[in-house]
Every structure is written in structure tokens, then in C-alpha cells.
Amino acid sequence: MTTLTQALDELVTANRILAREGVVDSFGHVSMRHPDRPDRYLLSRARAPECIDVDDLMEFTSDLSIPIDPAGRKPYAERFIHGAVYEARPEVRAVVHHHSPSVIPFGVTGAHLSPVMHMCAGIGTRVPTWDSRAGFGDTNLLVTTVEMARDLAAALGHRPVVLMRGHGCVVAGLSLREVIFNSIYLQLNADLQMKANALGDITFLSEGEVAAVISTRSSFTFERAWEFWCRRAGRPYDARPLDGPLAGT
């Protein structure tokens, strides 16, 4: 297979994994930077992740999120999120936007989402929240313009995750495997943090502990999880990492 063909197949798998693990339902999306054109990215047409196949995948420009060859396919209204992150972060290779119900409460309250266990260290020491109302007033909360998306990308900064008040979150990664890993463990961390909070004061991972986990996390961690999730989603497992070096290697 060509690199692009392989990338498209793995992007389908990423969609199916997120659906199987309950991170997305009918809504939410995952993209990856084009393996041969860093100024472009790959993302499905507007469709539920569980239903996505290779023919649904489209190519977009990173600056304005313009579809290269739509061929009658309707793109996601919020594709601009992906383009803005790729534009601002040259090192990012994959992006997820989802609305996990576990994550939503942390974007609408004063409770800050922080890692409570080592497997969740990839979400960062403290996850910030972006509020669309602060810069754009009363909207339907969807990120449907380049301006809104760039503002959101600025709030993400160089972090792996940013929450979106009353909406969901954005996860950025150095590889497709990493962004899926962190998206799943972000949801798990939110669940665990709410359970722990009911018992008493929480001892979160320190900055030093988060840094230590990330520095010792090898590509094997992502591969082991990816193989497991592929099996659960009924997708073939290809052990060849096509995204280049992974975080922590």
C-alpha cells in the first residue's frame, strides 16, 4: 500500500475506535495531517464516525479548511477546528474533537480537569477551557469560521487538550495513535475524577509526575493500546507506525 492509502485506512480505524470506546456517538470527528502534504489534512465528510469508510475521507487545506475535491460530499461544519490547529502547530499530526458527556461538566463549572492516574498523564497537568462567548458573543457554540477556530487553537496553545465551554473538547497529538490514546484516557480521567471527588479531596499527579510519565512512555504503549482497540472495533491491526516518532520515544 502507498503511504496515503495506509493513512486513509488508519483514519477509518481511528473513527471506529472512538465510536466503539464511547468517546463519540453520531457526532465528533478525528483528522490527521496529510502524510505527503503537510499543508493539508484528511477528514471525513459529515457522517457518524461509526459509519465512516475510506470513500468518505476528504482532503482539506490547513489554512482555510477548503475541501480539495468534495465530489458532492458535505464536509463537517466544524472542520475549521482541525485546520486551525494544524496551522498553529506544525508538529501536530492528528486532531480529535468530541463531546464526551464525561468531559462536559468540567467545561461549565469551576472544577478543573487534571490527571488522577498515570495512564491519563497525557492530558496535561491542568486542562484549560475555551469559552466562545468571551470573543464571539452569543452563538450556537459551533466553531464554523476560521476566526473562531484560530481563537480556539490559541487557547489550546502547546497543550494536548482544551475544553470548550458547553460544547466538548479538542485533543491534539504527535500521531494518530497518540491522539486516540489521549482522547480515550481523557474521558476515563473525567469519570475517575468525578468519582474521586465524591469521596473527598483529590491528590492529582504533580507536574513532575506528569513529566516523568511522558518522558518514559514509549511507542510500545500506544501500539499495545491501538492493537487492543482495533480488535474491539473489528478493524485490522497494522503494527507499522506511519506517523513517525511518537511522544515519549
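Amide H contacts for ALA94 (H built 1.01 Å from N in the peptide plane; partners 5 or more residues away or on another chain; cut-off under 5 Å): ARG33, GLY173, SER175.
Based on alpha-carbon centroids, what's the gap between the range 184-205 and the range 9-62 in Å, whole number please? A separation of 29 Å, based on Cα centres.
For an R0 of 25 angstrom, estimate the FRET efficiency from the Cβ-Cβ distance between LYS195 and HIS112 and round to the nearest 0.05. All intermediate terms of the calculation are to be shown ahead of the outcome.
Values: r = 16 Å, r/R0 = 0.65.
The pair LYS195/HIS112 has a calculated efficiency of 0.95.
Compactness of the range 91-161 was expressed as the Cα radius of gyration divided by 2.2 N^0.38 Å, which yields 1.18.
Tell me, what does the Kirkwood hydrodynamic radius of the range 128-204 come to in angstroms if you use every pair of distinct C-alpha atoms? Provide the component values of the computation, followed by the final result.
Values: mean 1/r = 0.0713 Å⁻¹.
Roughly 14.0 Å, rounded to one decimal.
Of the trypsin sites (Lys or Arg not before Pro) found in the range 33-67, those in coil by DSSP whose Cβ has at most 16 other Cβ atoms within 10 Å are ARG47.
Taking the solvent-accessible surface of protein heavy atoms with a 1.4 Å probe, what is the per residue accessible area of the chain in Å²? Working shown, then result.
On the way: 11120 Å² over 249 residues.
Here the residues of the chain average 45 Å² of exposed surface.
Mind putting a number on the dipole of the range 117-236 about its Cα centre? Charges go on the C-beta only, +1 for Lys and Arg and -1 for Asp and Glu, and I need it in Debye to the nearest 20.
The dipole magnitude comes to about 360 debye.
Listed values for the range 61-69 are Karplus-derived 3J(HN,Hα) couplings in whole Hz (6.51 cos²θ - 1.76 cosθ + 1.60, θ = phi - 60°), namely 6, 6, 6, 10, 6, 8, x, 6, 9, and x replaces Gly and Pro.
Based on the Cβ-Cβ distance from VAL146 to THR203, what FRET efficiency comes out when R0 is 35 Å, to the nearest 0.05? Before the final figure, lay out the partial values.
On the way: r = 41 Å, r/R0 = 1.18.
Calculated transfer efficiency: 0.25.
Once backbone amide H atoms are built at 1.01 Å from N, LEU113 has VAL127 as its partners under 5 Å, excluding neighbours fewer than 5 places away on the same chain. The modelled label-to-label distance between ALA134 and ASP238, using points 7 Å beyond Cα along the C-beta direction, is 4.0 nm.
Summing +1 for each Lys or Arg and -1 for each Asp or Glu among the other residues whose beta-carbon sits under 12 angstrom from that of ILE184 gives 0.
Overall shape of the chain was characterised from the C-alpha gyration tensor. The equivalent ellipsoid obtained from it has semi-axes of 26, 22, 16 Å, in decreasing order.
Residue-normalised convex hull volume from the C-alpha trace of the range 42-143: 153 Å³ per residue. Can you list the DSSP H helices in the chain whose Cα atoms extend at least 18 Å along the helix axis and whose mean Kyte-Doolittle hydropathy is 1.0 or higher? Length and hydropathy pass: none found. Residues in the range 88-119 near a label at ASP39, defined as backbone nitrogen under 19 Å from the 7 Å Cα→Cβ point? Answer for the range 88-119: 88-93. Using θ = phi - 60° in the Karplus curve 6.51 cos²θ - 1.76 cosθ + 1.60, the 3J(HN,Hα) couplings for the range 117-125 round to 8, 4, 5, 9, 4, x, 7, x, 5 Hz; x is entered for Gly and Pro.
Within the chain, what whole-number % of the accessible surface is contributed by carbon and sulfur, with the 1.4 Å probe and all protein chains included in the calculation? Answer for the chain is 54 percent, counting heavy atoms of protein chains only.
The values are calculated or read from the model by the stated rules, or taken from the named source; none is laboratory data. Remember, predicted model here, so these are calculated numbers, not experimental data. Ideal geometry is used to build each Cβ from the backbone, glycine not excepted, and the neighbour counts take in all protein chains shown. Surface areas here come from the heavy atoms of the whole protein model, side chains and all, with no ligands, DNA or RNA. Shrake-Rupley method; radii C 1.70, N 1.55, O 1.52, S 1.80 Å.
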